[in-house]
Amino acid sequence: MKYPVLSINLRKIRENARQLLKMCKESGISVSLVSKVLAGDRKTIGDIAGLGFSQLADSRIENLIAFSDINLPKVLLRLPMPSEAEAVVRHADISLNSEIEVIKLLDKEAAKQNKTHGIILIFDLGDLREGIFFRDDYLEEVSEILKLKNIRLLGIGTNLTCYGGIIPTYENLSELIKIKNRIEREFSIKFEIISGGNSSSLHLLPNIPPGINNLRIGEALFLGRETAYGKILPGLHQDCFELAAELIEVKTKPSYPIGIMGMDSFGRVPEIKDRGLMKRGILAIGKQDAALEDLTPLDENVLILGGSSDHLLVQLNGDFRPGDTLRFAVNYPGLLRIMTSKYVKKEYLE
Ligand SMILES: Cc1ncc(COP(=O)(O)O)c(C=O)c1O
């Protein structure tokens, strides 16, 4: 079986990686390669890991295990589940944390495994996902962390534009620097890592608050755009990935369903416009593999109508027949789902 297939253009991803690393280096910023969208794809990550990234970061331990032979420090991006402390210490060198109880569990595990586990303490600057809320007191927690023998507090960080859509600005990232300065002064320590966010922080470069020395980058690397405003990054490719699926039916039929309308296969009442007769195609790919709104046809004669778990329905203008393949661009959530689907094959272009 050949289709559906995702083409992964390794050359373009390499070029993106080099350009991003250069852009960040010019501002004194190291880049953690965020691999989560590739769902553990060893080949693609192995191809770029050696280009100058400071760490390899993923939200899931299973993916870090898939990359265990890659020679970069491994970072767990999602706050550890207390129940996975053993695996976190075993498979990640560093994890992002915000809960003292969990950090103590990691310390215990690290002692058992005769290791030192690095942590980056995360502060929530207003996006309201993970992190110690920036207006709360944090010195007590830091003081407790510093007492732990098998934990090394490497630095602090933040994550924005994930839940609340809050854009990193000079002002809000300066709050992180204030926190850094206060902790360093209070405890006479010097942090190694001040991690100023993800692809949504890139729009600030080169005018990012001094002191920020790391970003954790996924989407910009793979899709060539920053994520605060969705602007393309100069010199980066936006088309490193392309999905191809195969037509299994092509027929001229009405555009509006006939009969009493209830729910579709996903339990929703369809909203369909009557546009008369149309040439309709069915592709052998469905919502199990990708949310249809995350796909954009690359042929202007193709329009997505809808779909169900295993079928994607399109309107076709022109000459198409079963067995023809149609190509689609994918956005970041689309790529994540496609990479996760065991039914979509992968093809690597060198
Ligand atoms: C904590 C954390 N840091 C960094 C990233 C990377 O984000 P982006 O893909 O927007 O660069 C993510 C999300 O993937 C994340 O959850």
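With springs only between Cα atoms under 10 Å, which of 304, 13, 212 fluctuates most in a Gaussian network model of the chain?
The residue with the greatest mean-square fluctuation here is 304.
What residues have an amide H closer than 5 Å to that of residue 346, excluding those fewer than 5 places away on the same chain, when H is modeled at 1.01 Å from N in the peptide plane?
6
Which lysines, on any chain, are close to residue 147 with Cα under 30 Å apart, when same-chain ones fewer than 8 places away are left out?
Correct list for residue 147: 74, 104, 108, 112, 115, 178, 180, 190.
Given a 10 angstrom Cα cut-off, can you work out which residue in 234, 297, 333 is the most mobile in a GNM of the chain?
234
Given labels modelled 7 Å from the Cα in the Cβ direction, how far is it in nm from residue 108 to residue 149?
So the label points at residue 108 and residue 149 sit 1.6 nm apart.
Please list, in order along region 302-310, the HN-Hα scalar couplings obtained from phi with the Karplus expression 6.51 cos²θ - 1.76 cosθ + 1.60 (θ = phi - 60°), rounded to whole Hz, x for Gly and Pro.
10, 10, 6, 9, x, x, 9, 3, 10
On a full-extension model of 0.36 nm per residue, what is the gain between residue 288 and residue 99, subtracting their alpha-carbon distance, rounded to one decimal in nm? The partial results should precede the final answer.
On the way: separation 189, 0.36 × 189 = 68.04 nm, distance 3.48 nm.
Taking residue 288 through residue 99 to full extension adds about 64.6 nm, to one decimal.
Modelled label-to-label distance, residue 65 and residue 325, 7 Å Cα→beta-carbon offset: nm?
With each label point 7 Å from Cα toward Cβ, the separation is 3.2 nm.
Could you tell me what % of all Cα pairs in region 10-223 have separations over 26 Å? Present the calculation step by step, with values, prior to reporting the outcome.
Working: 7182 of 22791 pairs.
Looking at region 10-223, the distances longer than 26 Å represent 32 percent of pairs.
Would you mind classifying region 1-132 by shape? Square roots of the alpha carbon gyration tensor eigenvalues, ordered a ≥ b ≥ c; an a/c under 1.5 is rounded, otherwise it is prolate if a/b is larger than b/c and oblate if not.
On the way: a/c = 1.90, a/b = 1.50, b/c = 1.26.
Prolate.
Relative to the longest principal Cα axis of the chain, at what angle does helix 170-187 sit, 0 to 90 degrees, rounded to 10?
30
Expressed in nm to one decimal, what extension gain is obtained for the pair residue 300 and residue 182 from 0.36 nm per residue of sequence separation less their Cα-Cα distance? Write down the numbers at each step before the final one.
Working: separation 118, 0.36 × 118 = 42.48 nm, distance 5.58 nm.
Extending this stretch completely gives an extra 36.9 nm.
What is the distance in Å between the Cα centroid of region 80-127 and that of region 162-196?
Rounded to whole Å, the Cα centres lie 20 Å apart.
I'd like the FRET efficiency for residue 347 and residue 133, computed as 1/(1 + (r/R0)^6) with the beta carbon distance as r and R0 of 56 Å, rounded to 0.05.
On the way: r = 45 Å, r/R0 = 0.81.
E between residue 347 and residue 133, to the nearest 0.05, is 0.80.
GluC sites (Glu not before Pro) within region 216-254: which are DSSP loop residues with at most 15 other Cβ atoms inside 10 Å? Write out the running numbers ahead of the final one.
Values: sites: 219, 226, 242, 246, 249; in loops: 226.
Qualifying residues, ordered by number: none.
Would region 241-349 count as rounded, prolate or oblate if I go by the C-alpha gyration tensor, calling it rounded below 1.5 in a/c and otherwise prolate when a/b exceeds b/c, oblate otherwise?
Numbers: a/c = 2.11, a/b = 1.37, b/c = 1.55.
Verdict is oblate for region 241-349.
Where a number appears in this text, it was derived from the coordinates with a stated rule and is not lab data. All values derive from a computational prediction rather than experimental measurement. Cβ sites come from the backbone with ideal geometry, for glycine too, and all protein chains shown count toward neighbours.
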